[in-house]
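Visitor: Sending over a structure as structure tokens; questions will come in a sec.
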Amino acid sequence: MKIAITGGTGLVGSALTKILQAHGHDIVILTRGSNDSKDAIDYVQWLVDDAQPELYLENIDAIVNLAGVSLNDGRWTDERKAAIYNSREQATTEVLRLIHVLDDTPKVLINASAVGIYPTSLNAEYTETSDEQAHDFLGKTVNMWEGLADQAVKEGVRVVKTRFGVIFDKEAGAFPLLAAPYKYNIGGKLGDGKQWVSWVHVEDVARAIAFSLMNDEIEGVVNVTSPYPIRMKQIGDFIAEALHKPNWLAVPEVALKLALGEKSQLILEGQKVLPTVLNTHGFEFNYPTITKALQQLLR
């Protein structure tokens with residue numbers, strides 16, 4: 001297949017590119033940089049003045065839309081929240097334009113999304129058939145994002161909305177921040193520790209996207225989370241055990257809210273989300289449990 005990826009140089013995009021190349025697929029990465037080609041990857045400029053990416057995207061079989069300002073970097077000021085929202089709206093709108101103008105319509109659009117669309121809860125369990133939606137900033141952002149992606153259905157495109165959980169990677173994202181205090185002997189629970197963390201290893205995120213690309217029966221919402229979500233306190237317990245470090249310093253909720261502002265909800269609140277669609281279609285996680293993931297992440 002010939003696959004175009006937006007956000008292809010980010011955490012998930014980089015992992016996905018490696019997997020797809022290893023399986024012999026041709027990759028085009030849409031970038032704000034100049035048109036270029038290296039390492040058997042074509043880089044095509046988009047989202048800048050005078051860019052015409054459609055001229056380089058003929059015979060594209062699929063688009064994977066991962067573009068958007070990171071949720072993890074920086075405090076959630078009004079300016080930052082606007083950038084998070086607007087970057088996703090701009091990128092997805094441009095993807096829709098490309099789908100419309102290309103002579104050969106791509107067969108599938110995989111659009112990134114997030115479990116933040118589900119309301120936070122200590123007791124609820126969410127699958128792809130759950131109708132409940134959060135009405136906070138994340139919920140509204142994801143709802144807009146998915147609503148735009150769904151418009152590609154009108155063009156005859158199979159649309160898959162991959163709702164990512166908290167992505168764990170050795171060097172980037174949330175996990176290094178969670179593990180760092182333990183390495184310095186100051187680890188402990190965050191908030192009351194009861195909040196659910198629907199986590200997933202970055203390698204399984206990339207593999208789940210590739211799996212969805214190749215499986216014509218998969219469409220609509222796909223939760224990309226480990227089949228075994230756990231509570232925040234359990235994550236701390238497992239990290240402490242794996243590193244042979246103490247687990248004693250609790251960080252109260254009020255301190256996290258003062259330090260992080262509204263962004264603290266990423267740590268203090270959560271949802272129990274299950275990957276029912278992936279499980280039903282026979283996807284096998286390389287890192288289904290936190291213990292197996294930690295063996296790789298802390299190696």
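Read the figures in this text as sums done on the coordinates, not as results from a lab. On a predicted model such as this, the values are computed, not experimentally measured, just so you know. All Cβ positions, glycine included, derive from the backbone under ideal geometry; neighbour counts span all protein chains shown.
Visitor: Can you tell me, using C-alpha contacts under 8 Å and at least 6 residues apart, the relative contact order of the chain as a whole percent?
Guide: Numbers: 578 pairs, mean separation 54.9, N = 299.
Over the chain, the number comes to 18 percent.
Visitor: Could you work out the helix-only [θ] at 222 nm for the chain, with each DSSP H run of four or more residues adding -39,500 (n - 2.57) and the total divided by the number of residues, to the nearest 500 deg cm²/dmol?
Guide: Working: 10 runs with 110 residues, N = 299.
Only helices count here, giving -11000 deg cm²/dmol.
Visitor: List the longest stretch of the chain that has no exposed loop site; here a site is one of the GluC sites (Glu not before Pro) assigned by DSSP to anything other than H, G, I, E or B, with at most 12 other Cβ within 10 Å. If you can, show how the numbers build up before the last one.
Guide: Numbers: sites that count: GLU58, GLU132, GLU171, GLU217, GLU284.
The reported range is 59-131.
Visitor: Next question, about the same structure. Report the charge-dipole magnitude of the chain in Debye, nearest 20, computed about the Cα centre from +1 at each Lys and Arg Cβ and -1 at each Asp and Glu Cβ.
Guide: 1280 debye
Visitor: When all alpha-carbon pairs of segment 29-147 are counted, what percent fall beyond 18 Å?
Guide: Taking all Cα-Cα pairs of segment 29-147, the fraction more than 18 Å apart is 60 percent.
Visitor: Now for a different question. Just name one of GLY24, SER130, MET144: the one whose Cα is farthest towards the positive end of the charge dipole of the chain (beta-carbon charges, Lys/Arg +1, Asp/Glu -1).
Guide: Of GLY24, SER130, MET144, it is SER130.
Visitor: Additional query: With everything on Cα atoms, drop me the angle between helix 202-214 and the longest principal axis of the chain, reported from 0 to 90° to the nearest 10.
Guide: With rounding to tens, the tilt is 30 degrees.
Visitor: Let me ask something additional. What is the dipole size for segment 245-293, taken about its Cα centre, with +1 at each Lys and Arg Cβ and -1 at each Asp and Glu Cβ, in debye to the nearest 20?
Guide: On the way: 5 positive and 4 negative charges, 30 e Å.
That gives a dipole near 140 debye.
Visitor: What does segment 2-297 give for Rg and for Dmax, in Å, if only its C-alpha atoms count?
Guide: Answer for segment 2-297, Rg first and Dmax second: 19.2, 61 Å.
Visitor: Here's something else I'd like to know. Give the percent of DSSP beta bridges with both residues in segment 118-255 that are antiparallel, rounded to the nearest 5.
Guide: Details: 3 of 12 bridges.
In segment 118-255, DSSP labels about 25 percent of beta bridges as antiparallel.
Visitor: Report, to the nearest 10°, how far helix 174-183 tilts away from the longest principal axis of the Cα atoms in the chain, using its own Cα long axis and a range of 0 to 90°.
Guide: Helix 174-183 sits at roughly 30 degrees to that axis.
Visitor: How much of the DSSP beta bridge set in segment 2-297 is antiparallel, as a percent to the nearest 5? Show your work: numbers first, answer last.
Guide: Values: 6 of 42 bridges.
Taking every DSSP beta bridge with both residues in segment 2-297, the antiparallel ones total about 15 percent.
Visitor: Another one. Within a 10 angstrom radius of the beta carbon, how do VAL28, VAL166, VAL153 rank from fewest other beta carbons to most?
Guide: Working: VAL28 21, VAL166 25, VAL153 13.
Fewest-to-most Cβ neighbours within 10 Å comes out as VAL153, VAL28, VAL166.
Visitor: Run the numbers on segment 87-193 and let me know its relative contact order in percent, using alpha-carbon pairs under 8 Å that are six or more apart.
Guide: Details: 106 pairs, mean separation 32.9, N = 107.
31 percent.
Visitor: Just to be sure I understand the curve: with the Debye formula and one point per C-alpha of segment 148-299, what is log10 I(q)/I(0) at q = 0.09 Å⁻¹?
Guide: -0.33
Visitor: What residues qualify as long-range amide H neighbours of VAL221, i.e. H under 5 Å apart, gap of 5 or more or another chain, H built at 1.01 Å from N?
Guide: Under 5 Å from the amide H of VAL221: LYS161.
Visitor: Report the rotationally averaged projected area of segment 92-209 based on its alpha-carbon convex hull, in square nanometres. Before the final figure, lay out each step's value.
Guide: On the way: hull surface 37.4 nm².
Average projection, Cα convex hull of segment 92-209: 9.3 nm².
Visitor: Quick check: the distance between the Cα centres of segment 118-141 and segment 251-299, to the nearest angstrom?
Guide: Segment 118-141 and segment 251-299 have Cα centres separated by 15 Å.
Visitor: Tilt of helix 78-101 relative to the longest C-alpha principal axis of the chain, in degrees (0 to 90, nearest 10)?
Guide: 30 degrees
Visitor: Which chymotrypsin sites (Phe, Trp or Tyr not before Pro) in segment 212-290 pass both tests, a DSSP loop state and at most 15 other beta-carbon atoms within 10 Å?
Guide: Those that pass, being in a loop and sparsely packed, are TRP248.
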